[in-house]
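Just below is one structure, and these are the notes that go with it.
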Amino acid sequence: MRDIPLTTIDGAPTTLADYGDKAVMVVNVASRCGLTPQYEKLEQLQRDYEDRGFTVLGFPCNQFMGQEPGSAEEIQEFCSTTYGVTFPLMEKTRVNGWHKHPLYAKLTQVPDADGKAGRVSWNFEKFLIAPDGTVTRFRPKTQPDDPAVISAIEGALPA
């Protein structure tokens with residue numbers, strides 16, 4: 001999974017491997033969603049755990065009722081000016097359907113806490129990828145500061 005090609009919001013090629021042995025939280029994000037305020041808590045996770053081997057990666061997605069219609073520049077400006085986002089953002093990404101990104105094709109095979117795998121249900125679905133490749137899935141309404149999320153992050157941090 002760490003070698004699947006990705007593209008940053010600036011158009012640069014990357015992979016999860018470029019983040020070394022960090023625990024990585026992949027989140028499909030949107031600027032015009034009722035869950036958009038989660039950006040604030042995602043940024044707090046980034047600030048709290050970045051020095052311990054963790055990063056959030058935001059994947060803007062416009063597949064849910066057109067809630068991320070902006071250009072790359074508009075998305076970056078919104079994230080930085082509205083929520084002070086410092087974590088990396090990727091290019092706009094498809095997370096469901098026949099043309100979903102290969103990373104999401106892998107991630108959506110992982111079941112959530114209730115044992116349900118499959119489609120991303122909405123914006124702000126979170127996938128925590130531990131350095132050993134283990135994936136923990138959290139549905140959109142699970143807040144980034146939920147005790148289960150914090151526990152999973154702390155358990156996934158590199159030794």
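The values are calculated or read from the model by the stated rules, or taken from the named source; none is laboratory data. Predicted model, so just to flag it, every value in this text is computed and none were measured. Cβ sites come from the backbone with ideal geometry, for glycine too, and all protein chains shown count toward neighbours.
Please work out if T93 is in contact with a His (Cβ under 6 Å, 6 or more places away or on another chain) and farther than 14 Å from Q38 by Cα. First the steps, then the outcome.
Values: in contact with a His (Cβ under 6 Å, 6 or more places away or on another chain): yes; farther than 14 Å from Q38 by Cα: yes.
When the stated conditions are applied, T93 passes them.
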Hey, can you tell me all the residues within region 5-32 that are assigned to a loop (DSSP other than H, G, I, E, B) and either in contact with a His (Cβ under 8 Å, 6 or more places away or on another chain) or closer than 22 Å to R139 by Cα (or both)?
K22, A30, S31, R32
Can you work out which of the residues in region 41-93 that are polar (S, T, N, Q) and part of a helix (DSSP H, G or I) is nearest to the chain's Cα centre (by Cα)?
Q46
Selected residue (criterion: surrounded by the most Cβ atoms within 10 Å (Cβ to Cβ)) from residues of region 7-24 that are within 24 Å of G133 (Cα to Cα) and of a type in the set (D, E, K, R)
K22
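Which of the residues belonging to region 25-59 are among the aliphatic types (A, V, I, L, M) and either buried (at least 19 other Cβ atoms within 10 Å of the Cβ) or over 23 Å from A72 (Cβ atoms) (or both)? Steps first, please.
If we filter region 25-59 for residues that are among the aliphatic types (A, V, I, L, M), which is where we start, we get 25-27, 29-30, 35, 42, 45, 56-57.
Within region 25-59, M25, V26, V27, V29, A30, L42, L45, V56, L57 meet the criteria.
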E91 versus (1) surrounded by 19 or more Cβ atoms within 10 Å (Cβ to Cβ); (2) touching a residue at least 60 places away in the same chain (Cβ under 8 Å); (3) of a type outside the set (S, T, N, Q): which is the lone unmet condition?
(1)
Looking at (1) touching a Lys or Arg at 6+ places or on another chain (Cβ under 6 Å); (2) under 20 Å from D18 (Cβ atoms), which is the only condition N96 fails?
(2)
Need the failing condition index for E73 against (1) over 14 Å from I153 (Cβ atoms); (2) surrounded by 14 or more Cβ atoms within 10 Å (Cβ to Cβ); (3) out of contact with any Phe, Trp or Tyr (no Cβ under 8 Å at 6 or more places or on another chain), just the number.
(2)
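Among the candidates G58, G84, single out the residue that is under 24 Å from K106 (Cβ atoms), of a type in the set (G, A, S) and modelled with pLDDT of 95 or more. Step through it out loud before you land on a result.
Numbers: G84 fails: under 24 Å from K106 (Cβ atoms).
Matching residue, one of G58, G84: G58.
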Matching residues, region 139-154, being touching a Leu at 6+ places or on another chain (Cβ under 9 Å) and either hydrophobic (A, V, I, L, M, F, W, C) or within 23 Å of D21 (Cα to Cα) (or both)
P144, D145, V149, I150, A152, I153
Residue check, L35 against (1) in contact (Cβ under 8 Å) with a residue 24 or more places away in the chain; (2) under 19 Å from V149 (Cα atoms); (3) assigned to a helix (DSSP H, G or I), all met but one. Which one?
(3)
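Provide a single number: the residues in region 94-134 that are among the polar types (S, T, N, Q), in contact (Cβ under 8 Å) with a residue 60 or more places away in the chain and surrounded by fewer than 20 Cβ atoms within 10 Å (Cβ to Cβ). It would help to see each step written out before you state the result.
Just the residues of region 94-134 that are among the polar types (S, T, N, Q), to begin with: 96, 108-109, 121, 123, 134.
So of that shortlist, the ones also in contact (Cβ under 8 Å) with a residue 60 or more places away in the chain come out as 123.
Filter again for surrounded by fewer than 20 Cβ atoms within 10 Å (Cβ to Cβ), leaving none.
So the count comes out to 0.
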